[in-house]
Structures are given as C-alpha cells and as structure tokens.
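Enquirer: Dumping the structure here so I can ask a few things about it.
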C-alpha cells in the first residue's frame, strides 16, 4: 500500500468525508467499495468527479475515502469538497480553477431545528376561525 500524498476533510449537512489522495490510475474507493457501487446515481458520480474533470487530472490520482453520516447527497457533496481540497494541496496552481468553479466553498446549509409551538421548523398549526 502506497503512502497517501495528502489527506483532507470535506463536510456537508451532517456528512463528514476523510479523503486520501495517492498517485495512481484514477481508482476511487469509498468505504472499501468502488465508486459505481457506492453511488448508483449517475448524477452523484458526475458531481463527485467534477473537480478532477475541471482541472484535467482525472486518471492521475487514486482516491480512498471514508464517508460517515448523512445521506448520499450530503456525502457526495462532502466528497467533492474533500477531493477539491486535496487537489489544491498537491498542486496549488489548480486553486484558481477550482475556486472559480465554486468547488472550494463549504456549503453551510443544514436542516433548521424545530421550534416549540410549531409543527416543524416554521410550519404552524392551521388557524380555524370557528
């Protein structure tokens, strides 16, 4: 097993992804499973591979990631951020390209908490006049 070039973290909603980037052939292993098995949805796979496609480094690095928490959408976005951060640490000249594409910004949106007296975070009981 080769030593990782760089290790980074990506977060989104309640998902946390730890990414290890190695020199290799473009192999992606997520929780010891291939990318196609972990994300059956093609749109999520495309979103995960976007940082590599935009920078033109696809096929140059192997990615090994540990994904925890949340659902598939949160995990895919967290993985995308983690891969982008890893690419910037390995090749700093890729930063402007990734920054312009919005890949280095952490999406801070999360579920709003439920408030007392309401059915959901903002949904109140229906008013009855009579």
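The values are calculated or read from the model by the stated rules, or taken from the named source; none is laboratory data. For clarity, every value in this text was computed on a predicted model and none was experimentally measured. Positions of Cβ are generated from backbone atoms using ideal geometry, with glycine treated the same way; all protein chains shown enter the neighbour counts.
Enquirer: For residue 11, which of the numbered conditions (1) touching a strand residue (DSSP E or B) at 6+ places or on another chain (Cβ under 6 Å); (2) part of a strand (DSSP E or B) fails to hold?
Expert: (1)
Enquirer: The conditions are (1) modelled with pLDDT of 95 or more; (2) on the phi < 0 side of the Ramachandran plot, and residue 91 fails exactly one of them. Which is it?
Expert: The single condition residue 91 does not satisfy is (1).
Enquirer: While we're here: Go through (1) on the phi < 0 side of the Ramachandran plot; (2) in a loop (DSSP other than H, G, I, E, B); (3) touching a helix residue (DSSP H, G or I) at 6+ places or on another chain (Cβ under 8 Å) and name the single condition residue 54 misses.
Expert: With (1) on the phi < 0 side of the Ramachandran plot; (2) in a loop (DSSP other than H, G, I, E, B); (3) touching a helix residue (DSSP H, G or I) at 6+ places or on another chain (Cβ under 8 Å) applied to residue 54, the lone miss is (2).
Enquirer: Which count do you get for residues in the stretch 53-79 that are in contact with a strand residue (DSSP E or B) (Cβ under 9 Å, 6 or more places away or on another chain) and either over 19 Å from residue 40 (Cα atoms) or without any contact (Cβ under 8 Å) to a residue 24 or more places away in the chain (or both)?
Expert: Matching residues across the stretch 53-79 total 3.
Enquirer: So is residue 41 more than 17 Å from residue 4 (Cα to Cα), touching a helix residue (DSSP H, G or I) at 6+ places or on another chain (Cβ under 8 Å) and surrounded by fewer than 12 Cβ atoms within 10 Å (Cβ to Cβ) or not?
Expert: Taking the combined requirement at face value, the residue satisfies it.
Enquirer: Show the residue pairs meeting these rules: Cβ distance below 7 Å; 6+ apart or different chains; first residue within the stretch 113-127 and in contact (Cβ under 8 Å) with a residue 24 or more places away in the chain; second residue assigned to a loop (DSSP other than H, G, I, E, B) and loosely packed, with under 10 Cβ neighbours inside 10 Å.
Expert: Pairs that qualify, where the first residue is in contact (Cβ under 8 Å) with a residue 24 or more places away in the chain and the partner is assigned to a loop (DSSP other than H, G, I, E, B) and loosely packed, with under 10 Cβ neighbours inside 10 Å: there are none.
Enquirer: Listed residues 114, 100; which is under 30 Å from residue 125 (Cα atoms) and either out of contact with any helix residue (DSSP H, G or I) (no Cβ under 7 Å at 6 or more places or on another chain) or buried (at least 19 other Cβ atoms within 10 Å of the Cβ) (or both)?
Expert: Within the list 114, 100, the selection yields 114.
Enquirer: Just to be sure I understand, how many residues within the stretch 59-118 are over 17 Å from residue 10 (Cα atoms) and assigned to a loop (DSSP other than H, G, I, E, B)?
Expert: 11
Enquirer: Now a separate question. Restricted to the stretch 80-97, and to residues that are touching a residue at least 24 places away in the same chain (Cβ under 8 Å) and more than 15 Å from the chain's Cα centre (by Cα), which residue is surrounded by the most Cβ atoms within 10 Å (Cβ to Cβ)?
Expert: Step by step, filter the stretch 80-97, then rank; the result is 94.
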